[in-house]
Amino acid sequence: MTIYNISTYIKTKTDPKYIVYEMELYKIDDKDNKVYALKSTGKQNLQADKRTLVHSSLDISDPENTSYILELNLFHKIGNDEYEVLPEPMTAIIPLKGFLITDKKWGPSREFEYNETTEKTQNGHVFIYSVKVSFKSRAFEVKEHPVGDQHDPFRKEKIEEGLAFRLAKLDYPNQDRSMLCGPAAFFYCLLIDRPDLYKQMVKELWESGKTKIGTLKLEPSYDCRHPTNFFKNEPPGYLPKVPAIDWITLASLRDTENSFFDYDSPNDNIPGITTAGDLKTWFKKAGAEIIYEINTKIINHITGPKLTLKDLCRLNSYVCEDTHVVMLITSRMFDKRILITTKNHWIVWADKLKLINGYEVTEQTPLTELVQLKCFSWGEVKNHLLKNTTLADVMQYSYAAFVISKIP
């Protein structure tokens with residue numbers, strides 16, 4: 001159990017003596033309830049150095065790499081009156097470790113910034129001050145259907161609609177016509193483990209093109225935020241090749257992590273490829289731990305050894321509510337129309353590898369037995385295996401895997 005000293009800084013040109021804040025720190029549980037690390041501080045005066053006071057948290061048992069949401073509401077002080085100035089509180093993601101050390105990589109996902117202009121008007125003999133707050137504009141736009149166009153895929157209402165479906169688990173991250181299966185696997189796990197952080201990252205990316213979870217920083221390039229060849233070449237002509245909410249998240253992650261190539265179109269192939277090393281690094285930076293791995297070294301991506309029956313059974317042994325099994329396969333396992341049989345697709349298990357009758361596969365299971373595997377792939381969680389898939393087929397098309405703990 002640990003007590004943390006909670007405080008933050010507000011970047012502002014306004015004299016701090018006119019700013020009052022109210023702050024809390026929390027995460028959202030699976031019943032959509034706030035779990036507080038710091039309950040509301042009540043209204044407090046901002047200090048002269050533009051920092052909040054230091055507030056003691058509750059006694060917390062979570063690991064220090066657990067991410068919380070820091071929420072800040074601001075009020076403008078005029079005389080003895082205080083006026084709420086934000087349409088909604090400002091929020092940012094920060095791991096508990098960020099309150100222990102000064103290293104910026106552990107700091108909040110974005111700065112708290114408050115800019116205003118104050119107009120003085122006269123109404124009779126009473127002066128009224130009107131406070132105007134400035135906000136950053138949205139970060140994503142596509143030239144074929146820009147801001148104001150009825151078919152703008154990145155308009156706020158469209159993203160909020162997609163987010164509502166995700167949070168209700170009516171659909172899942174979808175790479176669609178792109179090579180973004182690696183980022184899709186990451187964001188699927190985040191959505192399952194911490195839907196509150198998934199929501200916050202979508203919000204921050206849409207608003208400013210920047211976000212962070214743990215030490216995993218996402219800051220897509222201008223080209224990624226203004227993609228080309230974004231729409232399907234078929235009627236009605238305005239349907240994106242990748243859902244807009246997924247371009248914002250999946251493409252942002254892939255583009256940020258690319259060293260040499262921009263990822264600025266769903267048509268990009270090589271820049272969209274994700275290695276096991278990439279994917280493991282993303283999970284570790286987000287706070288998860290690698291529990292077990294098979295064939296994940298870069299040399300394995302070249303030589304291409306396949307998983308054995310013993311490997312698959314070992315993976316089965318790790319399937320539980322507190323872990324994710326992430327596996328590299330050839331997508332031919334799910335679709336015979338795909339002719340290539342090399343490793344090209346990341347999936348996440350949602351259940352154990354089982355026989356058709358529901359019994360778990362063991363090392364004594366004949367390779368001719370028909371099997372099923374409920375897993376996440378292409379925006380769906382279901383048994384993606386083709387009809388009459390045998391255990392031998394699964395072994396033929398499976399190449400690498402790793403087991404991670406949940407994202408805290």
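The values are calculated or read from the model by the stated rules, or taken from the named source; none is laboratory data. Please read these numbers as outputs of a predicted model, since none were measured by experiment. No Cβ is skipped: glycine too gets one built from the backbone with ideal geometry, and neighbour counts run over all protein chains shown. These accessible areas exclude ligands, DNA and RNA; they are computed on the full protein's heavy atoms, side chains included. Shrake-Rupley method; radii C 1.70, N 1.55, O 1.52, S 1.80 Å.
Worth pointing out:
- Answer from 280, 306, 297 - the residue that is open to solvent by 70 Å² or more (accessible area, probe 1.4 Å), charged (D, E, K, R) and either farther than 23 Å from residue 371 by Cα or out of contact with any strand residue (DSSP E or B) (no Cβ under 7 Å at 6 or more places or on another chain) (or both): 297
- Search result, residues across region 91-147 that are of a type in the set (Ser, Thr, Tyr) and either modelled with pLDDT of 65 or more or assigned to a helix (DSSP H, G or I) (or both): 91, 102, 109, 114, 117, 118, 137
- Qualifying residue in region 183-200 (condition: part of a loop (DSSP other than H, G, I, E, B), of a type outside the set (D, E, K, R) and open to solvent by 10 Å² or more (accessible area, probe 1.4 Å)): no
- Count of region 148-175 residues which are assigned to a loop (DSSP other than H, G, I, E, B), surrounded by 13 or more Cβ atoms within 10 Å (Cβ to Cβ) and free of Cβ contacts under 8 Å to residues at least 40 places away in the same chain: 3
- Scanning region 360-378 for residues that are under 35 Å from the mean Cα position of the chain (by Cα) and within 17 Å of residue 332 (Cα to Cα) yields 371, 372, 373, 374, 375, 376, 377, 378.
- Lone qualifier among 61, 109 - being buried (at least 17 other Cβ atoms within 10 Å of the Cβ) and within 28 Å of residue 190 (Cα to Cα): 109
Conditions (1) open to solvent by 10 Å² or more (accessible area, probe 1.4 Å); (2) more than 14 Å from residue 115 (Cα to Cα); (3) among the polar types (S, T, N, Q), marked per residue:
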position	(1), (2), (3)
3	yes, yes, no
10	no, no, no
14	yes, no, yes
18	yes, no, no
24	yes, yes, no
30	yes, yes, no
35	yes, yes, no
42	yes, yes, no
46	yes, yes, no
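- Qualifying residue in region 364-380 (condition: part of a loop (DSSP other than H, G, I, E, B), out of contact with any Cys (no Cβ under 6 Å at 6 or more places or on another chain), aromatic (Phe, Trp, Tyr) and surrounded by fewer than 19 Cβ atoms within 10 Å (Cβ to Cβ)): yes
- Within region 373-390, residues that are free of Cβ contacts under 8 Å to residues at least 60 places away in the same chain and more than 16 Å from residue 173 (Cα to Cα) sit with their Cβ atoms under 8 Å from residues that are β-branched (Val, Ile, Thr) and not in a strand (DSSP E or B), at 6+ positions apart or across chains, in these pairs: 373/394; 385/394; 390/368.
- For the residues 320, 313, the requirement of being free of Cβ contacts under 8 Å to residues at least 24 places away in the same chain and farther than 24 Å from residue 141 by Cα singles out 320.
- Single match in 219, 289, 257 (criterion: at pLDDT 95 or above, open to solvent by 20 Å² or more (accessible area, probe 1.4 Å) and out of contact with any strand residue (DSSP E or B) (no Cβ under 7 Å at 6 or more places or on another chain)): 219
- Residue in region 342-356 that is in contact with a Cys (Cβ under 7 Å, 6 or more places away or on another chain), open to solvent by 30 Å² or more (accessible area, probe 1.4 Å) and either at pLDDT below 95 or polar (S, T, N, Q) (or both) present: no
- The set of residues in region 1-40 that are part of a loop (DSSP other than H, G, I, E, B), in contact with a Ser or Thr (Cβ under 6 Å, 6 or more places away or on another chain) and modelled with pLDDT of 95 or more comprises 3, 4, 7, 8.
- For region 64-106, the tally of residues that are open to solvent by 30 Å² or more (accessible area, probe 1.4 Å), under 22 Å from the mean Cα position of the chain (by Cα) and hydroxyl-bearing (Ser, Thr, Tyr) stands at 0.
- Test: residue in region 341-360 that is more than 19 Å from residue 189 (Cα to Cα), of a type in the set (Asp, Glu) and either touching a strand residue (DSSP E or B) at 6+ places or on another chain (Cβ under 7 Å) or not in a loop (DSSP other than H, G, I, E, B) (or both): yes
- Residues of region 218-229 that are more than 12 Å from residue 248 (Cβ to Cβ) and touching a Ser or Thr at 6+ places or on another chain (Cβ under 7 Å): 219, 228, 229.
- Residue count for region 314-333, restricted to those that are farther than 16 Å from residue 345 by Cα, of a type outside the set (S, T, N, Q) and touching a Leu at 6+ places or on another chain (Cβ under 8 Å): 1.
- Set side by side, the residues 264, 255, 223, 278 differ, and just one is in contact with a Phe, Trp or Tyr (Cβ under 7 Å, 6 or more places away or on another chain), among the acidic types (Asp, Glu) and more than 21 Å from residue 27 (Cβ to Cβ), which is 255.
- When residues of region 381-407 are limited to those that are of a type in the set (S, T, N, Q) and in a loop (DSSP other than H, G, I, E, B), the one surrounded by the most Cβ atoms within 10 Å (Cβ to Cβ): 389
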